[in-house]
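The values are calculated or read from the model by the stated rules, or taken from the named source; none is laboratory data. Remember, it's a predicted structure, so these values are computed and weren't measured experimentally. Glycine gets a Cβ as well: all are built from the backbone with ideal geometry, and neighbour counts include every protein chain shown. Protein only, heavy atoms only, side chains kept; ligands, DNA and RNA dropped before computing areas. Shrake-Rupley method; radii C 1.70, N 1.55, O 1.52, S 1.80 Å.
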Amino acid sequence: MDAIEKELDKLTNGGANLSKSIKDIDKCLEMLMDARTTIENDPTATVPTLQALESQLKTGFQLATDSLKGPHGGIAKYGKALDKKFKHSTNENTFGALANRQPLINRAIQMHLLREGNFEIAETFAKEAGIVEGVPSVLDIEFRELFSIQESLRRKELKPAIEWAEKRRDLLESRATNLEFELHRLQYMILLFQGTPDDIPNALAYAKAQFGPFQKKYLTEISQLAGCVVWREKLSMSPYAALIQDESSWQSIIESFTTEFCALLRLSAESPLYVATTAGAIALPTFNKMATIMKAKKTEWTSQNELPVEVPLPDKFKYHSIFVCPVSKEQTTDSNPPMMIPCGHVLAKDTVQKLARGTGSRYKCPYCPADSLPKEAREIYL
Amino acid sequence: MTTKSAAILSADNNLLLEEPLLRLPLEVLRKIFKSSQRYIENDGKKLTELARDAGAKAPQVSQEASLESLNAMITRMQTLKRKMETLHEEEKVVHAQSRKRVSHLNDLHSLSSLLEDGYESWSKIRLDRFMVDYMLRNGYSNSAKQLAQKQGIEELVDVDVFVQCWTIEESLRNKKTTECLAWCAENKNSLKKIKSTLEFELRLQVYIEYVRERKLKEAVTYSRKYLSGSCDTHTTEFLRASCILAFPPERPGPYKALYAEGRWDHLVKTFVSTHHSLYNLPQEPLLHVALAAGLSSLKTPSCHSTLSTRHNTACSVTSLCPICSTELNELAKPVPYGHHTTSWVDHDLIVLPNGRVYGTKRLSDLAGKLGLDSGKYRDPISGEEFERADVRKVFIS
């Protein structure tokens, strides 16, 4: 990047731009103006002055043309710096996989815009793109609610989020989430710590009113919260230091609220479009290498249903368990599912059949001395 | 099992899609420079001619006449200066824009891990830029402008270039060639350099339209003026085109292809691909490239499985996969799934009596959160409850 910046500096500050030519042209203009003044003041000078103009202008324009060499060279050098930086670029890597799938991409974009709270843009987009069967309006309304609650959380107002969670207590409980309790806990801590000591009764009253339904599951937490009252002045030195609420607690409450809200809509909390494009950008070098090899071998990867090479992605991009049969090295699929054999080892179905030579006869586990019959293997779901 | 190396951020690898970000302003800069060159050359020539004339005529004409011609030269010179200054302003805008873009790419170079927050926000901007690029290429220019403005990335996207491209595309779709021909004239030299046939194809179309309307005289005049010059380079096309004079559209004979409506689509495609290659732009939206690669690398055989093993949202301990989500599921159907050489599963796997396998910790955490009796597990997907005594250990090698 440094080389690029250096060349760019030359274009802007180093004079490799049009400013010098403009000065040359300005000089020509001045010369013409001077000639006019001369003639106006001394009519007898008209003929010699005008006759001198041609060669003067020629020289002047020659200078202006010469001055163009600066920007010309500067642009060329800047271009070379770019060439060097981008020599591995993916310009013509047309996988074509998405070429005719505009409606689906449009819908994904529309959803992404709504998720980000860009409702107006989403509307313009739906109109311009002529989206007919896009995101159902129910979702649009839901996303508006999500966004407005997120906004209130950013303003440090908990009430709308608490109301939302209260209404969905059963659903949230079946998801084994503690969102509602955490919202109340945050509210309690705010009441306790942000007011004066006179506000302590308010905090306690809040606790009394709200923590009731959570007694069974969160007894330890609730007693800790009660304990905080004693340590109000020096919580950081207390056994309850971990309960201190700061910016990050707000951040995490916004995150868990968003996750729960989206989950109830059967959506992932992070925008799939964002996750997929980011993963794609990370994966691209591998794809590029692959494309080069494919081209050399004149094969096409879209013809198979599995990529030929492994794409290294950080763990957070792994959402499913993956089982690769240790014998056949194949990933299991619907038609070749993982099977657990009686000793507890797992093999792909095809492998089990191969080991039993297709006859249903007894075979030995490749990983321990146990032997078993193919029919004893049972399908498992990872 | 955690692959640390996968999280290392190599800025150069991340730049694979970023070339157009700097390339396009460079092409704009080149264009500005070429215009300035043309102005200086043309006006210089014209002005020295005027000076020569004025000098030669001076002894014969009145002083007023001489002053008048001098004034004409001054006016012309002033116009040139103004034109040059306008170009200089445009140049400055491109410089400033390039600087912003370079610094945006530099932000990436200051990061070292894909797990840093900085990478996430950089990547969010990248998605915004790609969406704007996608919108512009599809002619959704208002959405593109709104999005760019809202996200404050106007310096990082190229609205003007794409809007111009789209306007010309639309005019071609409306069967008008004027705008596109003007564009060809503007970029004559660059088109010649890449041996583009765009202009010939456009001229040919104009001619065909004359023939279609049976304005044969105009057709012949037009062909003489614009097509005959290319008869060396496009001999076959030229000869075929000449033959349609004898074959009206109702009875096109072997020349059906020349009368075909599809020729207009072909012109649109040719124009767009020529336009993009002149500006060094990829032919496909960047979003397509990134998304196609992303869909494949994230996709697993489970994402389109007909069995109900898909992670659902019934429980907070499972996170929803982006490929399984409604937004991308259909889109990901035709792409191949990612290749893996090693299994990727939880630690201490156990199998429930219903055949589902989970990590022990996952199930005990869930049971704790749900407040289940200590002797029980709940299947987070099916919701069934089982006795802890009934589970078995699973070994994955």
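Here are a few things to note about the model shown:
- Measuring r between the beta carbons of A:Leu265 and B:Lys124 and using R0 = 35 Å, the FRET efficiency lands at 0.95.
- Per-residue SASA entry for B:Asp265, accessible area with 1.4 Å probe, Å² rounded to 10: 90 Å²
- List B:Ser228, A:Ser137, ordered by accessible area with a 1.4 Å probe, largest first: A:Ser137, B:Ser228
- Restricting the range B:193-291 to GluC sites (Glu not before Pro) in coil, as DSSP defines it, with at most 12 other Cβ within 10 Å: B:Glu213, B:Glu250, B:Glu261
- Shielding of B:61-68 by partner chains, average beta-carbon count, 10 Å: 3
- Partners of A:Lys289 within straight-line reach, counting lysines whose Cα lies under 21 Å from its Cα and excluding those fewer than 8 residues away in the same chain: A:Lys84, A:Lys85, A:Lys87, A:Lys297, A:Lys298, B:Lys299.
- Between A:Ile293 and A:Glu120, the FRET efficiency estimated from the beta carbon spacing at R0 = 45 angstrom works out to 0.45.
- Neighbour net charge for B:Ala65 - beta-carbon separation under 13 angstrom, K R +1, D E -1: -2
- Number of Lys pairs (Cα under 29 Å; 8 or more positions apart or on different chains) in the range B:94-180: 7
- Ranking B:Phe130, A:Phe119 by solvent-accessible area of protein heavy atoms (1.4 Å probe, all protein chains present), from largest to smallest, gives A:Phe119, B:Phe130.
- With an a/c value of 1.5 or above and a/b larger than b/c for the gyration tensor axes a ≥ b ≥ c computed over the alpha-carbon atoms, the range B:161-278 is described as prolate.
- Surface composition of the range A:238-380: carbon and sulfur atoms hold 53% of the protein heavy-atom accessible area at a 1.4 Å probe.
- Build a GNM of chain A with springs between Cα atoms under 10 Å apart, and of A:Tyr240, A:Tyr206, A:Tyr367 the one that fluctuates most is A:Tyr367.
- Per-residue SASA entry for A:Thr59, accessible area with 1.4 Å probe, Å² rounded to 10: 90 Å²
- Listed residue pairs exceeding 19 Å between alpha carbons, taken from A:Lys77/B:Lys195; A:Lys20/B:Lys92; A:Lys295/B:Lys269: A:Lys77/B:Lys195; A:Lys295/B:Lys269
- GNM result for chain A, Cα springs below 10 Å: residue of A:Glu120, A:Glu133, A:Glu54 fluctuating most strongly: A:Glu54
- Computed extension gain for B:Lys376 through B:Val102, at 0.36 nm per residue and net of the alpha carbon distance, reaches 92.8 nm.
- Spread of Cα-to-Cα distances over 10 Å intervals beginning at zero, given as percent, for chain B: 4, 14, 18, 17, 16, 13, 8, 5, 3, 1, 1, 0, 0
- Geometric descriptor of chain A, per residue, is 351 Å³ (volume of the convex hull of the Cα atoms).
- Heavy atoms of B:Thr48: accessible area, 1.4 Å probe, square angstrom to 10: 20 Å²
- Of B:Arg263, A:Arg357, the residue with the largest accessible area leads and the full order is A:Arg357, B:Arg263 (1.4 Å probe).
- Gyration tensor verdict on the range A:252-382 (Cα atoms; rounded if a/c is under 1.5, prolate if a/b is larger than b/c, oblate otherwise): oblate
- Sequence-distant aspartates and glutamates (8 or more away, or on other chains) whose Cα lies within less than 13 Å of A:Lys58: A:Asp24, A:Asp66, B:Glu41, B:Asp43, B:Glu49
- Mean residue ellipticity, 222 nm, helices only, chain B: the sum of -39500 (n - 2.57) across DSSP H runs of n ≥ 4, divided by residue count and rounded to 500, is -19500 deg cm²/dmol.
- Extension gain from B:Thr326 to B:Thr342, taking 0.36 nm per residue of separation minus the Cα-Cα distance: 3.0 nm
- In range of the label at B:Arg76: residues from the range B:32-54 whose backbone nitrogen is under 14 Å from the point 7 Å along Cα→Cβ: B:39-54
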